[in-house]
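S.K.: Take a look at the following structure, please.
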Amino acid sequence: MDDPVLHPATRVVHLGRPAREPGNPVGPPIVLTSTYAADGPVDYARVGNPTWTELEQVVGDLEGGRALAFASGMAALAAVFSLVPRGGTVVLPRHAYSGTGWLLDDLEALGDLTVRRVDVTDPAEIEAALPGASLLHLESPTNPMLEVVDLARAAEAAHRAGALLSVDNTFATPLLQQPLALGADVVVHSVTKLLSGHSDLVLGAVVLPDEAGRERFERVHRHRSSRGAIPGPVEAWLALRGLRTLEVRLERAQANAATLAARLEGHPGVLEVRYPGWGAMIAVRVRGGADGAERVAATTRVWVHATSLGGVDSQLERRRRHPLEPATVPEDLLRLSVGIEHVEDLWRDLSAALDTVAGEA
Ligand SMILES: *Cc1c(COP(=O)(O)O)cnc(C)c1O
């Protein structure tokens, strides 16, 4: 399975399994234990678990580095920000995931670091914010505005300024974008979303390039062990099981998203469609302001009104209902996470909900 010519769709199915030896299980076991018999490589289950390792093998392989599984995407982000020296500066998209901004604001209030927010649609603004910074943390596409960043250019600019580049690759997945290959130093995932893909667990991952050497990897690993930011083995197993179908899920979700984005452009209830041209996420501004957007979200019957994304089930939400969402995200913006249902059912449901605001200002 180390054959690099195998397509990721094949590797994602076959990696992270027990060795193919007579009598071995084909599926990875869920190892439920708090400790291990003494004198082995791992002595306690806060430090390592074979079920995490199997998930980490697959996520690391897809991203082209070495992965560490975390309790959640937020736990993974906290581990990445622990790489920033005390008093350092982090450059962040103004429309980064609201939880990321929340965590960095907390760290800033504690005096640990300083945050500089930038409009990532302007590369010059990113570059102007970098001198003196320790870390450029990007999302591409951003959550929820779906802005896209040239990661190779950003990596060069970060390195020129002596900063690391970390990329939250939750929206793209490693099948559509591999930030390490574009020069990033760290990749972070909310595995909760597309990687696990079934809206049934919370889990995160950090991926570091092999060349980063042991030192940075050990620091992130030590952070996980000392903070206890560890996933449950059952969640890790479920995430790995979901990951097996990533390619087919993404293929269907992307095809659905492309069809829906094109049709949304022509719907009288829609003011603006934000769609990068790939991926499973769309954002739309609808008529009728915040009330209109809330009404659309409350009216759909196939689409689930909920705050998450990346599952097989299509979900939608008005992001500004969350007080942490930046004020530059429009009040009437709905984030659509396109699932794998039949596209005509998705369209009929969504367009009927949008009809209810078509007569508004
Ligand atoms: C959801 C999300 C997170 C946080 O992940 P959790 O698994 O919910 O902790 C981080 N980044 C992005 C882009 C997300 O969408």
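S.K.: May I ask for the longest run of the chain untouched by trypsin sites (Lys or Arg not before Pro) that are loop-located per DSSP and have at most 12 neighbouring C-beta atoms (other than their own) within 10 Å?
M.R.: My reading of the result: 87-300 is the longest stretch.
S.K.: Related question: Could you check the simple spin-label distance between H322 and D355, using points 7 Å along Cα→Cβ, in nm with one decimal?
M.R.: About 3.2 nm separates the two model spin labels.
S.K.: A further question on this structure: Tell me the label-point distance for the pair T259, H159, using the 7 Å Cα-to-Cβ offset, in nm and rounded to one decimal.
M.R.: Distance between label points: 4.2 nm.
S.K.: Give me the distance in nm between label points sitting 7 Å out from Cα along the Cα-to-Cβ direction at R219 and A124, one decimal.
M.R.: That separation, rounded to one decimal, is 3.3 nm.
S.K.: Amide H of L165: which non-local residues (sequence gap of 5 or more, or other chain) have their own amide H closer than 5 Å, using H built in the peptide plane?
M.R.: L136, D185, V186
S.K.: Of the options P131, V207, L6, report the single residue whose Cα projects farthest towards the positive end of the charge dipole of the chain (beta-carbon charges: Lys, Arg +1; Asp, Glu -1).
M.R.: The listed residue farthest towards the positive side: V207.
S.K.: If the chain between L103 and D291 were fully stretched, how many nm would it gain, using 0.36 nm times the residue separation less the Cα-Cα distance?
M.R.: Taking L103 through D291 to full extension adds about 64.8 nm, to one decimal.
S.K.: Translational diffusion coefficient of the chain at 4 °C, 1.567 mPa s, Stokes-Einstein with Kirkwood Rh over Cα pairs, in µm²/s as a whole number.
M.R.: 61 µm²/s
S.K.: Here's a follow-up. Mind putting a number on the dipole of segment 1-99 about its Cα centre? Charges go on the C-beta only, +1 for Lys and Arg and -1 for Asp and Glu, and I need it in Debye to the nearest 20.
M.R.: 440 debye
S.K.: Please compute the length gained on full extension between T35 and V312, using 0.36 nm multiplied by the number of residues separating them and subtracting their Cα-Cα distance.
M.R.: My answer for the length gained is 96.2 nm.
S.K.: Mind checking the full-extension length gain between Y44 and D210? Use 0.36 nm per residue of separation minus the Cα-Cα distance, one decimal, nm.
M.R.: Net length gain for the segment: 57.2 nm.
Bear in mind that the values in this text are calculations on the coordinates, not laboratory data. Small disclaimer: the values here were computed from a predicted structure and weren't measured. Note: ideal-geometry Cβ built from the backbone for every residue, glycine included; neighbour counts use all protein chains shown.
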